[in-house]
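Novice: Before anything else, here's the structure in question.
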Amino acid sequence: MSENLRITNNKFIDQTTRISFKFDGKTLYGFKGDTLASALLANNIHLVGRSFKYHRPRGIMACGTEEPNAIVQVGKDSSMTEPNTRATEIELYEGLEASSQNCWPSVNFDIGAVNNFFSPLIPAAFYYKTFMWPANFWKLYEYFIRKSAGLGKSPTEPDKDIYDNRYLHCDVLVVGGGVSGIMAAKIAAKNNLNTLLIDDKNTLGGTTLFQQNECFKINNSYSNEWIKNEIKTLYSLKNLTIKTRTSLAAYHNYNYLLARENLTDHLDLKERKNKIRQRLWKIRAKKVIIATGAMERPLVFNNNDRPGIILSSSIKKYIDYYGVKCGQKISLFTNNDSAYETAISLNNSGVVVNSVVDIRDKTNSLIVEQAEKLGIKIHWKSTVVNTNGYKKINSIEIMKLSDDGTSVVEKKIKEECDCLGISGGWTPRVHLFTQSGGKLKYREEDNVFLPEKSELDQISIGSCNGDFELNEVIKNSVYSTNKFLNVNNKDYENLEVTSSKEIDKKNIWLLPSDKPFKKTKSFLDFQNDSTANDVKLALREGFKSIEHVKRYTTTGMATDQGKLSNMHALGIVAETAGVKMGELGTTTFRPPYTPLTFGAIVGRNVGEFFDITRNTPIHEWHVEKKAEFENVGQWKRAWYYPINNENMHEAVQRESKAARDSAGILDASTLGKIDIQGTDASEFLNRVYTNAWSKLEIGKCRYGLMLNEDGMVYDDGVTTRLSENHYLMTTTTGGAANVLSKLEDYLQTEWPELDVYLTSVTDHYGTVSICGPNSKKILSKIIPDLDLSDKEFPHMSFKNAFINDIKCRVMRISFTGEHSYEINIQSSYAKSVWEKCFAAGKEFNITPYGTETMHLLRAEKGFIIAGQDTDGTMTPIDLQMDWIISKKKYDFIGKRSLYRSDTVREDRKQLVGLLTDDPNEILEEGAQIVSETNKQPIEMLGHVTSSYFSPNLNKSIALAVVKNGKKLKGQKMFVPMKNKTINVTITDTVFLDKENKRLNA
Amino acid sequence: MFLINCPYCGERDQSEFTAGGEAHIVRPKQPTELSDDQWAEFLFMRKNIKGVQFERWNHAHGCRKWFNIVRDTSNDKIHAIYKMGDKPPIK
Ligand SMILES: [Zn+2]
């Protein structure tokens, strides 16, 4: 470690606790309290990456969230590695391993730097222009570009860290713990308002925390002393919650905000175990006070991107807070007073300040006078025209500015330096304000956008509201907070504040050089590597809107969202286009303010908590029998039950055959069940189903088809009349929730006069379905006293019964075409009833079957599955189910649509059966159907919706929708596949037992 | 994410609710007597206003009641909430 870059009298860094870390594989040392950036600088490491496009060497440039260059990959573990983190925000911990991200193969030897020599060939939109055409070339380039463009590596394994989400409600949220935020939080909390103060740093106090300068005093003590006491008071207030290391990510409407709290990233690796890494706070605040401060702007001049060129205020923080000298011989370049604070701090810490280059005419503010008193040399009305040094700056070239500031005059002075501090003035952090929908106004005198109008209950105070001088910050923040909270706090009434007032302001967006403009490289966006030249080119090529210029040049589109570059881009566009800044508008700042981890967003909703899993009451039995499961909505349904290493096809063939030959048993508990009661229940069903219900006898079941108002099939199922005013409706598994919602909607909004009550009872009952020629014998073993004769208990009827004194409902209904029963019983008994049926069926080789076999069996009978054979464009007539539409009913949902001009078209797609010429050829579901193969283009007439090999028919069968299909029965069609064309014939949809004899077998 | 003051439950987070499109579109009492055009008007035509819009909302993860909201779609400000069947309190 280069000891000479540390000062020893620093209060914020614990220089007794040495920390070792690795950067680009090299072991280095820092101290407790350092950031990765400050520790690197203390080790005299500036070069941390390469620029995106030209691969120019880039160094640390800032000290916080706005850092554009020091983007590093942290951690080596393939589950924990994190790309795109800013070295300026990583608190140093024992064992930290980080590496430069935007360089390959290494930061010092960089293949992409070749781009720099060719840079005249790489203008704005180079990537678009070169690689968009021919498309094939892109594949070739992509590999190298992606690799050398250094977008970081994603973790390849699941994240092992724990993340959390929590809700928080407060009266007042204060964002930012600098002078303004601290005062606002104190005023709020002292007036009994439940207050939350957050700050993204590890301590409150902002830049005032290390402001020890004669020019900035409060009540006769240095402002840092004063704020230390204020912070102490804050921690004793009882209505106040303070969260540091917490950054506000998004500010949504209705004062709904997301903040990410970092809980363990600063701890040593071994201290992090079992702790929550990050918590996302979902905050509802009655009132929001934004006190996010301002950030320093760079200056745009020739070669302004060399390592060692750092924002002036960051150099000040590095020396005053971290005790790190960014160089031994530092020059400063500014257009405002704040660089003089840096000069004084450096001077006081024994760093040589070569000079301050100031573009303004000589000015006499308090701080400038103090700098002069210390003997600091100032080049008035001058600019830096060039910098030298490849991997680190080693000198600057200074010239006088012409009176109008557009060119340079007189002799060039060369000044040697190892660091250059730059200050282009201040940009209020209005990002959150604009995210929340606030409108900005432009203040011309110092070129800033300020909050103007917001619809929400919020204010901005301090420098994010355009107050840059300490006395104004204090006076206005206190006044605004009191007014906003409607209180009258007097804590700050008689403060005596000394602060230097900036007298002269001057701004030049693009500083001139002695070289012709086209030969200069003045960078705007350091991360995305766009220059003033690029922006001007975009304007020449006809782009006018700032949003278009931004996208074309990619200015402001990197991970820092152009925090440093936006103002200059706007300024140059306005200047070149000859419009006023205020009229140009700004680009939109979108959440998140700083990148957010996916972990923080999803919180605990990972793994088995990702989504709700619904299991039937019989689930354990299926698991024991090693069933394979299928997801149907949130349900886990038994798909098939393989035995002896059967594959799916073999298992399904066996199950399907057994169900028709003897007996099968299916868990049908997932079907949606809606209990319908009320004196108007029959009338209600008349209105929601296409067929008539009034005359359905008590104890009978009926199949119903439900349409949307547009006439398209929505859902289907069997409904049973349990008593005069009591029905049990079943829906498809996936449609249950939507059907209930739809029915409730009609009841509440269209037909409130109907006396009907709906209750979802899907989870209340388990359903065991037994089918096949032996199902009757099995049921009679279980419920011996129930008369199962066709006369007493015919198909489509229901009986109440008891199994071991437990009441159950038995329906004789069938989705397979076999003689079958469904037993509905309270969920808690369902598994034992299932086991009873299974035991009773043993002598008949009862075979459990899953959803796949169920689908095959119903396809043999041509029964549709709503959602598989229908897709929201099929009417009942399209399905050849005209029989289910009541001719007598005056109205039902969707009726009028069934004779709209479009729905009565004869050539609509209609449901048909398909048989392949080769009975062993199984069609692919979704395959297209055509009528000829020679003509091109071929008209797609329809597609296959269901397809199986039927073991009971010993041939392949399919259902399909085909244009005008009803009339095409017997016609040959073709199903073109990748390597062959399959010949098929259109048939009836019912393949097996057309006479329905098996229902009563 | 806005807050909705359910007329039955009180103020709740938007995530508890589902939107149900434009309000005050009454299902015709005699659909069979309507021409294709008239039926299409009911079936398909919906306003999509930038500004103040009358909408149906349902407290799906709460009381499951439907009600009406007057909302400015440009800033999500809710101007009025009233029960199904009630007259809009503002025009
Ligand atoms: Zn409610």
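Novice: Regarding segment B:70-79, can at least one residue be identified that is under 30 Å from A:ASP902 (Cβ atoms), without any contact (Cβ under 8 Å) to a residue 24 or more places away in the chain and either away from the ligand (no atom under 16 Å from the Cβ) or of a type in the set (Phe, Trp, Tyr) (or both)?
Specialist: no
Novice: Then there's this: Applying the selection to segment A:938-996, what residues are small (Gly, Ala, Ser) and either surrounded by 15 or more Cβ atoms within 10 Å (Cβ to Cβ) or under 17 Å from A:GLU925 (Cβ atoms) (or both)?
Specialist: Once the filter is applied, which keeps residues that are small (Gly, Ala, Ser) and either surrounded by 15 or more Cβ atoms within 10 Å (Cβ to Cβ) or under 17 Å from A:GLU925 (Cβ atoms) (or both), segment A:938-996 yields A:GLY942, A:SER946, A:SER947, A:SER950, A:SER956, A:ALA958, A:ALA960, A:GLY965.
Novice: To continue, here is another question. Between a residue in segment A:923-948 that is in the same structural domain as A:VAL984 (by TED's automatic domain parsing) and any residue that is of a type in the set (Lys, Arg), which pairs come within a Cβ distance under 7 Å, given they are 6 or more apart or on different chains?
Specialist: Once the first residue is in the same structural domain as A:VAL984 (by TED's automatic domain parsing) and sits in segment A:923-948, its partners that are of a type in the set (Lys, Arg) give A:LEU941/A:LYS963; A:GLY942/A:LYS909; A:GLY942/A:LYS963.
Novice: Within 19 Å of A:LEU743 (Cβ to Cβ), without any contact (Cβ under 8 Å) to a residue 12 or more places away in the chain and within 16 Å of the ligand (Cβ to nearest atom), is that true of B:ARG56?
Specialist: For B:ARG56, the condition - within 19 Å of A:LEU743 (Cβ to Cβ), without any contact (Cβ under 8 Å) to a residue 12 or more places away in the chain and within 16 Å of the ligand (Cβ to nearest atom) - is not met.
Novice: Can you pull out every residue in segment B:15-41 that is farther than 17 Å from B:TYR82 by Cβ and either in contact with a strand residue (DSSP E or B) (Cβ under 6 Å, 6 or more places away or on another chain) or among the aromatic types (Phe, Trp, Tyr) (or both)?
Specialist: If the condition is that a residue be farther than 17 Å from B:TYR82 by Cβ and either in contact with a strand residue (DSSP E or B) (Cβ under 6 Å, 6 or more places away or on another chain) or among the aromatic types (Phe, Trp, Tyr) (or both), then B:THR18, B:TRP39 are the ones that fit.
Novice: Still on this structure, please answer the following. Please indicate, with yes or no, whether at least one residue in segment A:727-749 is more than 14 Å from every other protein chain (Cβ to nearest Cβ), exposed (fewer than 15 other Cβ atoms within 10 Å of the Cβ) and at negative phi.
Specialist: The answer is no; no qualifying residue exists.
Novice: Where the second residue is assigned to a helix (DSSP H, G or I) and the first is among the acidic types (Asp, Glu) and lies in segment A:316-344, which pairs have Cβ atoms under 7 Å and are six or more apart or on separate chains?
Specialist: A:ASP320/A:PHE210; A:ASP320/A:SER345; A:ASP337/A:ILE367; A:ASP337/A:VAL368; A:GLU341/A:LYS316; A:GLU341/A:ILE367
Novice: So, restricting to strands (runs of 3 or more DSSP E) that lie completely within segment A:252-340, which ones have at least 2 residues that are among the β-branched types (Val, Ile, Thr) and assigned by TED's automatic domain parsing to the domain that holds A:ILE461?
Specialist: Of the strands (runs of 3 or more DSSP E) lying wholly inside segment A:252-340, those with at least 2 residues that are among the β-branched types (Val, Ile, Thr) and assigned by TED's automatic domain parsing to the domain that holds A:ILE461 span A:276-290.
Novice: Go through segment A:341-393 and count every residue that is part of a strand (DSSP E or B) and either under 19 Å from A:LEU311 (Cβ atoms) or of a type in the set (A, V, I, L, M, F, W, C) (or both).
Specialist: Residues meeting the conditions: 12.
Novice: In addition: Could you give every pair whose Cβ atoms fall below 9 Å, whose first residue belongs to segment A:518-533 and is farther than 17 Å from A:ASN386 by Cα, and whose second residue is assigned to a strand (DSSP E or B) and of a type in the set (A, V, I, L, M, F, W, C), counting only separations of at least 6 or pairs across chains?
Specialist: Close Cβ pairs (under 9 Å, with a partner that is assigned to a strand (DSSP E or B) and of a type in the set (A, V, I, L, M, F, W, C)) amount to A:GLN527/A:ILE71; A:ASP529/A:PHE523; A:SER530/A:PHE523; A:SER530/A:LEU524.
Novice: If you don't mind, there's one more thing I want to ask. Tell me, please, whether a residue that is surrounded by fewer than 16 Cβ atoms within 10 Å (Cβ to Cβ) and within 14 Å of chain B (Cβ to nearest Cβ) can be found in segment A:927-936.
Specialist: Looking through segment A:927-936, none of the residues is surrounded by fewer than 16 Cβ atoms within 10 Å (Cβ to Cβ) and within 14 Å of chain B (Cβ to nearest Cβ).
Novice: Within segment A:273-282, is even one residue under 30 Å from A:LYS536 (Cα atoms), surrounded by fewer than 24 Cβ atoms within 10 Å (Cβ to Cβ), among the β-branched types (Val, Ile, Thr) and in contact with a strand residue (DSSP E or B) (Cβ under 6 Å, 6 or more places away or on another chain)?
Specialist: No, segment A:273-282 has no match at all.
Quick grid of which residues meet (1) over 22 Å from the mean Cα position of the chain (by Cα); (2) within 30 Å of A:ALA343 (Cα to Cα); (3) among the aromatic types (Phe, Trp, Tyr):
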position: A:GLN212; (1), (2), (3): yes, yes, no
position: A:TYR222; (1), (2), (3): yes, yes, yes
position: A:TYR251; (1), (2), (3): no, no, yes
position: A:GLN278; (1), (2), (3): no, no, no
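Novice: Return the pair list, or none, for Cβ contacts closer than 9 Å from residues in segment B:1-22 that are under 11 Å from B:TRP66 (Cβ atoms) to residues that are assigned to a helix (DSSP H, G or I) and among the hydroxyl-bearing types (Ser, Thr, Tyr), at least 6 apart or on different chains.
Specialist: If the second residue must be assigned to a helix (DSSP H, G or I) and among the hydroxyl-bearing types (Ser, Thr, Tyr), the pairs left are B:THR18/A:SER741; B:GLY20/A:THR749.
Novice: Right, something else. Could you check A:GLN435 against (1) in contact with a Pro (Cβ under 6 Å, 6 or more places away or on another chain); (2) touching a residue at least 60 places away in the same chain (Cβ under 8 Å); (3) away from chain B (no Cβ under 14 Å) and say which number it fails?
Specialist: The single condition A:GLN435 does not satisfy is (3).
Novice: Now for a different question. Just give me the residues in segment B:16-26 being within 13 Å of the ligand (Cβ to nearest atom) and farther than 12 Å from B:ILE78 by Cβ, in sequence order.
Specialist: Within segment B:16-26, B:GLU16, B:THR18 meet the criteria.
Novice: Just for segment A:872-926: of the residues that are within 11 Å of chain B (Cβ to nearest Cβ) and hydroxyl-bearing (Ser, Thr, Tyr), which one is farthest from the chain's Cα centre (by Cα)?
Specialist: A:TYR890
Novice: Take A:THR65 and tell me if it is at pLDDT 95 or above and among the polar types (S, T, N, Q).
Specialist: Criteria not met by A:THR65.
Novice: Still on this structure, please answer the following. Please give the helices (runs of 4 or more DSSP H) falling wholly within segment A:550-617 in which 1 or more residues are loosely packed, with under 14 Cβ neighbours inside 10 Å and of a type in the set (D, E, K, R).
Specialist: Per the criteria, A:581-584.
Novice: State whether one or more residues within segment A:295-314 are under 30 Å from A:ASP171 (Cβ atoms) and buried (at least 19 other Cβ atoms within 10 Å of the Cβ).
Specialist: yes
Novice: Just to verify a result, which residue in segment A:345-367, among those that are in contact (Cβ under 8 Å) with a residue 40 or more places away in the chain and hydrophobic (A, V, I, L, M, F, W, C), is surrounded by the fewest Cβ atoms within 10 Å (Cβ to Cβ)?
Specialist: The extreme case among them is A:LEU366.
Novice: While we're on this one: Going through B:GLU41, B:GLU11 one at a time, which residue ends up being within 16 Å of the ligand (Cβ to nearest atom) and of a type in the set (Asp, Glu)?
Specialist: That would be B:GLU11, the only listed residue that is within 16 Å of the ligand (Cβ to nearest atom) and of a type in the set (Asp, Glu).
Novice: Which of (1) in contact with a Ser or Thr (Cβ under 9 Å, 6 or more places away or on another chain); (2) of a type in the set (A, V, I, L, M, F, W, C); (3) in a loop (DSSP other than H, G, I, E, B) is the odd one out, the single condition A:LEU953 does not satisfy?
Specialist: Single failed check for A:LEU953: (1).
The values are calculated or read from the model by the stated rules, or taken from the named source; none is laboratory data. Since this is a predicted model, take the numbers as computed values, not measurements. Cβ sites come from the backbone with ideal geometry, for glycine too, and all protein chains shown count toward neighbours.
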